[in-house]
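To keep things clear, I will list the structure first and then write my remarks on it.
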Amino acid sequence: MAWKCIVTDDPITDIKEDRKCAVRVEQYKVSPQAIYFNGQYLPLASIRDVQVHESSFTPGMSCGKGIPVYKLRIDYGADKPLVLMVEKEKNVQKITEMIKG
């Protein structure tokens, strides 16, 4: 799979090696150099700020009840931040600790 960097000015040179040491946290993978999601990645060096917000997710065909989730709002200098949805609070803490190093 060809991984696409969402930041054009700071790609990782050896993605294959970096992904070998990445840790899976729910549907994301976090390595010492990047966050991997949906065939894309964001280098940790590009991250400027991380905020956590409590939210809810309402899947289609539901009766209006939302599933409680957490959203990681990651500012990396683009017009719109990267927003990752995480189900468990302990996983949010794990991802933020890995990002901040």
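The values are calculated or read from the model by the stated rules, or taken from the named source; none is laboratory data. Every value quoted in this text rests on a predicted model; they were computed, and no experiment measured them. Note that we place each Cβ from the backbone using ideal geometry, even for glycine, and neighbour counts take in every protein chain shown. Ligands, DNA and RNA are stripped out before the accessible areas are found, and what is left, the full protein with its side chains, is counted by its heavy atoms. Shrake-Rupley method; radii C 1.70, N 1.55, O 1.52, S 1.80 Å.
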**Report entry** Percent antiparallel among DSSP beta bridges (both partners in the chain, rounded to 5)
**Finding:** 90
Query - Sum of -39500 (n - 2.57) over DSSP H runs of 4+, divided by residues of the chain (222 nm, nearest 500) - result: -5000 deg cm²/dmol
Report summary line: By accessible area (1.4 Å), largest first, K71, K65 order as K65, K71
Query raised in the report: Quick one: length gained pulling A45 to V83 fully straight, 0.36 nm per residue minus the C-alpha distance?
Result: 12.0 nm
Requested in this report: Grab the other residues whose beta carbon is less than 11 angstrom from that of V25, score K and R as +1, D and E as -1, and report the net.
Outcome: +2
Query raised in the report: In whole percent, how big is the carbon plus sulfur part of the accessible area of segment 5-101, probe 1.4 Å, protein atoms only?
Result: 47
**Report entry** Environment charge of D75, counting only residues whose C-beta is closer than 9 Å and scoring Lys/Arg +1, Asp/Glu -1
**Finding:** +1
Requested in this report: Compute the relative contact order of the chain as a whole-number percentage, counting only Cα pairs closer than 8 Å that sit 6 or more residues apart in sequence.
Outcome: 22
Report summary line: In degrees, nearest 10, the alpha-carbon axis of helix 89-100 is tilted away from the dominant principal axis of the alpha carbons of the chain by 20
Report task. Report the far tail of the P(r) of the chain, meaning the percent of Cα-Cα pairs longer than 18 Å. Result -> 48
Query raised in the report: Using Cα pairs under 8 angstrom and six or more residues apart, how large is the relative contact order of segment 40-95, in percent?
Result: 30
Query raised in the report: Using a basic spin-label model with each label point 7 Å from the Cα along Cα→Cβ, how many nm lie between S55 and W3?
Result: 2.3
